[in-house]
Structures are given as structure tokens and as C-alpha cells.
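Beneath this line is the structure, given in C-alpha cells, with notes to follow.
The values are calculated or read from the model by the stated rules, or taken from the named source; none is laboratory data. Since the structure is predicted, the reported quantities are computational estimates derived from the model, not experimental observations. Positions of Cβ are generated from backbone atoms using ideal geometry, with glycine treated the same way; all protein chains shown enter the neighbour counts. Protein only, heavy atoms only, side chains kept; ligands, DNA and RNA dropped before computing areas. Shrake-Rupley method; radii C 1.70, N 1.55, O 1.52, S 1.80 Å.
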Amino acid sequence: MTQTDYQTVIDEATWAFIARTAESYPDDTASASIAEQRRIYDVMCAGFHADYPSGITSQDRRIGGIPCRDYTDAEAAPDHADAAPAVVYLHGGGFVVGGLHSHDDVCAEIAAATGLRVVSVAYRLSPEHVHPAALDDTLAVTRTLLASGPVLLAGDSAGGNLAAAASQILRANPGLRGAVLIYPGLGGDPDAGSYLTHAHAPMLTRDDVMFYTGIRQNTPGDATAAPLLTPDLAGVPPTVAFSAECDPIADDARHYCARLAAANTPAHRILEPGLVHGYLRARHMVPRAAASFARITAAIAALANGHWPYGDPP
């Protein structure tokens with residue numbers, strides 16, 4: 001299958017982001033020890049960390065027994081905050097790296113852009129805690145928050161996988177407003193489509209995907225680890241999924257939304273041209289990433305408040 005000519009697809013600003021990432025995150029990071037991978041990832045994320053927007057505060061607390069970071073916007077919080085929608089955010093990192101620190105500024109900016117409470121989940125990581133540990137932690141936090149008000153699930157990469165899986169499992173709960181998935185890995189066919197055309201993409205390769213899938217999943221074919229494998233998607237809440245064009249897992253979001261639509265649930269996929277996996281960190285230096293982040297926060301706000309802003313039918 002023909003490989004993509006990234007020199008013609010990726011713009012100068014995105015190449016600058018890729019180069020800046022490589023300064024602290026080498027291409028062969030997935031071959032390092034787990035401890036070294038985590039150190040490298042933490043250094044890289046810290047290098048991109050932005051200050052909180054005005055009015056945003058955070059507090060670390062346990063929710064459902066799981067460590068979380070709770071973000072609120074003092075300038076937008078309503079008087080009935082306990083009943084307002086909350087966003088449960090699941091961070092990316094291949095189920096191996098990342099935590100409350102890695103997506104701290106992303107969550108703060110989501111809270112500022114939407115005016116919503118955002119709860120970031122420090123789910124357990126592999127290989128110390130294989131599947132379903134991370135999903136169990138996601139469900140514990142989400143169920144606790146659903147007991148007091150509506151919830152929207154959101155996450156990037158591995159976190160998008162968790163958000164999709166949790167939205168399937170909790171589909172019967174009327175308080176679950178939906179899911180927003182950002183370049184999610186959902187268990188697509190690794191020998192077809194974008195897994196091949198973007199097998200050697202900048203920022204994430206097919207080999208990386210296979211490594212992280214294998215280290216987390218102890219039961220191949222388990223639909224709770226690969227949401228695309230779930231046979232019945234009827235009743236899953238509204239879902240919006242974003243794909244980076246230059247990403248081996250780009251097709252996962254497309255296939256998932258197509259299956260949701262076939263099951264008569266509102267689903268909308270947005271393909272972001274010329275962007276690469278991990279582009280959330282580029283939102284302050286790449287205009288395409290900034291525009292996508294605005295679309296992401298708009299989708300989060302709309303679904304959390306019970307609105308479907310897309311013209312396509314369910």
C-alpha cells in the first residue's frame with residue numbers, strides 16, 4: 001500500500017512541533033524501559049505545559065477511590081454546580097505513561113473554554129496494571145459523578161479508548177451525555193487502511209501502536225479493550241471523534257462512528273488534515289491544532305449540555 005508523502009501533507013508549523021517534540025522524546029522511546037519511557041514523556045509534556053487560563057483552579061482529590069484532579073472555572077461556575085455537567089477526562093499515553101501532570105494544562109483550558117467542571121483521572125497504568133484496571137478506574141470515577149449529575153466522557157489516544165469503552169458499558173445511564181474522542185485507538189485492523197498508509201507517521205508508528213496494545217491487553221479480542229469489536233452499539237450515547245490525518249489509528253474513529261450511526265446513535269467524525277498524533281500539545285504553536293482544539297472544546301460543551309450541533313442524522 002502506498003505510503004503518504006508527509007512533506008506535502010504536513011505544514012511548516014507542524015514540522016516545527018514535531019522537531020520540538022523530538023528534542024526530548026526520541027523516535028525510539030517505545031524501546032526504552034518503562035521507567036525511562038515515563039521519565040522521557042514527563043519531560044516532554046513539561047516542556048509544552050502552558051499556564052492556567054484566568055479563573056481556573058484545580059484540586060487533587062479521590063473520586064470513587066481513584067486519584068483525580070478537579071478543575072473549575074470560578075468565573076463561570078453556576079450556583080447549582082453540583083447538578084451541572086461534569087467532564088471526565090482520560091489522558092493519553094499508550095496506557096503506560098502520563099497522569100495528572102501530563103494533560104494538566106489541556107484540562108485547565110477545556111474548563112476555561114467550556115465553563116464546565118473537568119475531572120482528570122489518574123487511572124492505573126500498564127504493565128503493572130493490565131486491562132481492565134484502567135477501565136475499572138474510569139468506571140469508578142464516572143459512576144460516582146453520575147450519582148450527582150450528568151457526565152460527558154472525553155479523552156485522547158488511550159484515553160479515547162477508555163472513554164469509548166466506558167460509554168458503551170454505561171449506555172443505559174440517562175445522565176451520560178456522550179463521548180468526545182480525540183485521535184482514539186479503538187482496536188482497528190492493524191493490517192488495513194491507515195495502519196498501513198501511515199505505518200511510519202511522525203509522532204506515532206504502527207509498531208508503537210502494536211507495542212502499547214500488547215503491553216496493556218492480556219486477552220486479545222476483548223471488546224472492552226477494543227471498543228470497535230463490540231457487536232451491539234445500540235443505545236450508546238452521542239459521540240464525536242477527531243482523527244489526525246497523519247496517524248496510523250486515524251481510521252479507528254471513522255469506522256467507529258460509522259458503526260454507531262448504523263446503530264442509530266448520533267455520531268460524527270472530524271478528520272483534521274495534516275495533523276499528527278499528539279497534536280493537543282501543539283495547540284499554542286500550530287494554527288491547525290489550535291483550530292481543532294476549538295472544535296474539540298465546542299463539541300465537549302455542546303454534548304455536555306445535551307445539544308447535537310452537527311447536521312448529519314443519527
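Key figures for this structure:
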| read-out | value |
| --- | --- |
| Output for segment 92-130, where each listed residue is over 15 Å from the mean Cα position of the chain (by Cα), over 19 Å from residue 44 (Cα atoms) and among the aliphatic types (A, V, I, L, M) | 111, 112, 113, 116, 130 |
| Output for segment 272-295, where each listed residue is open to solvent by less than 60 Å² (accessible area, probe 1.4 Å), free of Cβ contacts under 8 Å to residues at least 60 places away in the same chain and assigned to a helix (DSSP H, G or I) | 290, 291, 292 |
| Residue selected from segment 30-53 under the condition without any contact (Cβ under 8 Å) to a residue 40 or more places away in the chain and not in a helix (DSSP H, G or I), by the criterion surrounded by the fewest Cβ atoms within 10 Å (Cβ to Cβ) | 33 |
| Test: residue in segment 108-118 that is open to solvent by 10 Å² or more (accessible area, probe 1.4 Å), more than 29 Å from residue 210 (Cβ to Cβ), without any contact (Cβ under 8 Å) to a residue 24 or more places away in the chain and hydrophobic (A, V, I, L, M, F, W, C) | no |
| Complete set of residues in segment 159-190 that are closer than 25 Å to residue 275 by Cα and part of a strand (DSSP E or B) | 178, 179, 180, 181, 182 |
| Where residue 11 falls short, out of the listed (1) charged (D, E, K, R); (2) out of contact with any strand residue (DSSP E or B) (no Cβ under 8 Å at 6 or more places or on another chain); (3) at pLDDT 95 or above | (2) |
| Residues of segment 87-145 classified as among the hydroxyl-bearing types (Ser, Thr, Tyr) and touching a Cys at 6+ places or on another chain (Cβ under 6 Å), total | 3 |
| Within segment 158-190, tally of residues that are at positive phi and open to solvent by less than 20 Å² (accessible area, probe 1.4 Å) | 2 |
